[in-house]
Amino acid sequence: MMKKITLHPKKDAAVRRFHPWIFSGAIAKIEDGITDGESVEVYNSAGEYLATGQYQEGGSISVRLFSFEKTDADQAFWTQKLLNAYHFRQQLGLINSPQTNCYRLIHAEGDGLPGLIIDIYNKTAVLQCHSIGMHLVKEKIAQGLVEIYGNNIEAIYDKSKETLPKHYADAAENNYLYNKSPIFLSSNPPIALENGHPFQIDWETGQKTGFFLDQRDNRQLLAQYAPGKTVLNTFAYTGGFSVYALKAGATFVESVDVSQKAMDLTDQNVTLNAPEPDRHRSHPQDVLKFLQQTENEYDIMVVDPPAFAKNISKRHNAVQGYKRLNAMAMKKIKKGGILFTFSCSQVVDSQLFHDTIVAAALEAGRRARVMHHLSQPADHPVSLFHPEGAYLKGLVLYIE
């Protein structure tokens, strides 16, 4: 029998609208003995059942809801949740696609599993738990994946240590929950396929789960504009935009990232896809310093920085950072050039991002027209009842 959490009067409206978060200020009573990560039932002040979720102390979000119907949260429940997400990806054409075998299977609240990310790289699933509750049921998640994928899954890797609360993460380790064969060697990362482009994926030591799957559609869009163009890809990580530009026929591409390891992976991915060495150059350098020093101007530029703000208190500084970065980029684009610019900071909404880019254009003294509004792909779904899940914003601008 699950323990109960009771809300204050008039604090149940958001839950009735299927919002998946219970904030600490909405809670009137916590039943004795509830521990971090435990599954609990949430009731309103009149004693009516509302939802089931996982409790976590500290922070503003106290319960992350995974069901709005009573459940025992047994193995069958978790397997069905995964199966629902699997069927959604089937509708998107991502299951058994001959062109793309890497995609996001579980996108936290967007798939009704707050605190859980699962990315698929060919026959490997990489889990990243952002909540203690999800980490406590990781074995059930792994079992569900094996039940659904069968022989199409060979390894399941838990990479949660970096994303869990520190007091809990200190005792956690990244490891394989399931591994039919030792397929990963750091000296020879395995290869996944995205829109026909092979990429080496380092899920053990790379950023996030090993690859930024959320830019798949936007990389494909860039390829439409790349033939015959010079391209600068900043914050390149493993060179996704660079690879698409080169394979589409860009005459010359430069990739910049402060991480030497990222640049090494970029070079490997470029060699896999477009091995002509005179068409690509990588720069293990700070992006702002590179923009200050380079004398080159480009037909196309990609500005895709990491999140400048992870909470509201850092938002002002983040906006100033985006403004400065984009103003510098616009000064390096040829007249008639194209800028792909992004923000993945959840606390910077679309309107604020748009306004920041307007300010950058004014500072750079460049006129610009919007060609495309960009977002995350459909395998990173946003629940209609949780708009906060729309984290990736992007604009494609024609710079005059």
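The values are calculated or read from the model by the stated rules, or taken from the named source; none is laboratory data. Given the structure is predicted, the values throughout are model-derived calculations rather than measurements. Glycine gets a Cβ as well: all are built from the backbone with ideal geometry, and neighbour counts include every protein chain shown.
Brief remarks on what is shown
- Scanning the stretch 303-333 for residues that are under 17 Å from Arg366 (Cα atoms) and buried (at least 18 other Cβ atoms within 10 Å of the Cβ) yields Val303, Tyr322, Lys323, Leu325, Asn326, Ala327, Met328, Ala329, Met330, Lys332, Ile333.
- Checked against the criteria, His386 counts as surrounded by 16 or more Cβ atoms within 10 Å (Cβ to Cβ) and in contact with a Pro (Cβ under 7 Å, 6 or more places away or on another chain).
- Residue match in the stretch 219-231 (condition: modelled with pLDDT of 95 or more, part of a helix (DSSP H, G or I) and closer than 23 Å to Val126 by Cα): yes
- Just so you know, in the stretch 228-237 the residues that are touching a helix residue (DSSP H, G or I) at 6+ places or on another chain (Cβ under 8 Å) and at positive phi include one that is surrounded by the most Cβ atoms within 10 Å (Cβ to Cβ), and it is Tyr237.
- Leading residue by the ranking (surrounded by the fewest Cβ atoms within 10 Å (Cβ to Cβ)) among those in the stretch 276-301 that are more than 14 Å from Lys332 (Cβ to Cβ) and among the charged types (D, E, K, R): Asp278
- The set of residues in the stretch 77-113 being within 15 Å of Pro377 (Cβ to Cβ), touching a Gly at 6+ places or on another chain (Cβ under 6 Å) and buried (at least 22 other Cβ atoms within 10 Å of the Cβ) consists of Gly110 alone.
- Neighbours by Cβ (under 6 Å, 6+ apart or cross-chain): first from the stretch 192-212, touching a residue at least 24 places away in the same chain (Cβ under 8 Å); second outside any loop (DSSP other than H, G, I, E, B) and among the acidic types (Asp, Glu): Thr209/Asp119
- Residue check, Leu83 modelled with pLDDT of 95 or more, over 22 Å from Arg17 (Cβ atoms), among the aliphatic types (A, V, I, L, M) and not assigned by TED's automatic domain parsing to the domain that holds Val382: yes
- Selection count, the stretch 368-383, where residues are part of a strand (DSSP E or B) and surrounded by 17 or more Cβ atoms within 10 Å (Cβ to Cβ): 2
- Pairs are defined by a Cβ separation below 8 Å, a sequence spacing of at least 6 or placement on different chains, a first member in the stretch 60-88 that is under 14 Å from Val146 (Cα atoms), and a second member that is in a loop (DSSP other than H, G, I, E, B) and at pLDDT 95 or above; the pairs so defined are Trp78/Val137; Lys81/Gly112; Lys81/Leu113; Tyr86/Ile95.
- Conditions (1) at pLDDT 90 or above; (2) more than 17 Å from Asp257 (Cβ to Cβ); number of the one not met by Pro182: (1)
- Within the stretch 238-268, the residues that satisfy the criterion of being surrounded by 24 or more Cβ atoms within 10 Å (Cβ to Cβ) and either under 20 Å from the mean Cα position of the chain (by Cα) or within 19 Å of Pro306 (Cα to Cα) (or both) are Thr238, Gly239, Gly240, Phe241, Ser242, Val243, Tyr244, Ser255, Val256, Asp257, Leu265, Thr266.
- On inspection, Arg17 fails the criterion of being under 26 Å from the mean Cα position of the chain (by Cα) and either aromatic (Phe, Trp, Tyr) or crowded, with 22+ Cβ neighbours inside 10 Å (or both).
- The residues of the stretch 27-76 that are surrounded by fewer than 19 Cβ atoms within 10 Å (Cβ to Cβ), under 29 Å from the mean Cα position of the chain (by Cα) and either among the aromatic types (Phe, Trp, Tyr) or in a strand (DSSP E or B) (or both), listed by number, are Ile61, Ser67, Phe68.
- For the stretch 225-274, the tally of residues that are among the small types (Gly, Ala, Ser) and more than 23 Å from Thr100 (Cβ to Cβ) stands at 2.
- Of all positions in the stretch 352-362, none carries a residue that is within 30 Å of Tyr121 (Cα to Cα), in contact (Cβ under 8 Å) with a residue 40 or more places away in the chain and buried (at least 18 other Cβ atoms within 10 Å of the Cβ).
- Residue selected from the stretch 191-227 under the condition among the small types (Gly, Ala, Ser) and more than 19 Å from Ser375 (Cα to Cα), by the criterion surrounded by the most Cβ atoms within 10 Å (Cβ to Cβ): Gly210
- Count of residues meeting criterion [surrounded by 17 or more Cβ atoms within 10 Å (Cβ to Cβ), assigned to a loop (DSSP other than H, G, I, E, B) and aliphatic (A, V, I, L, M)] in the stretch 134-171: 3
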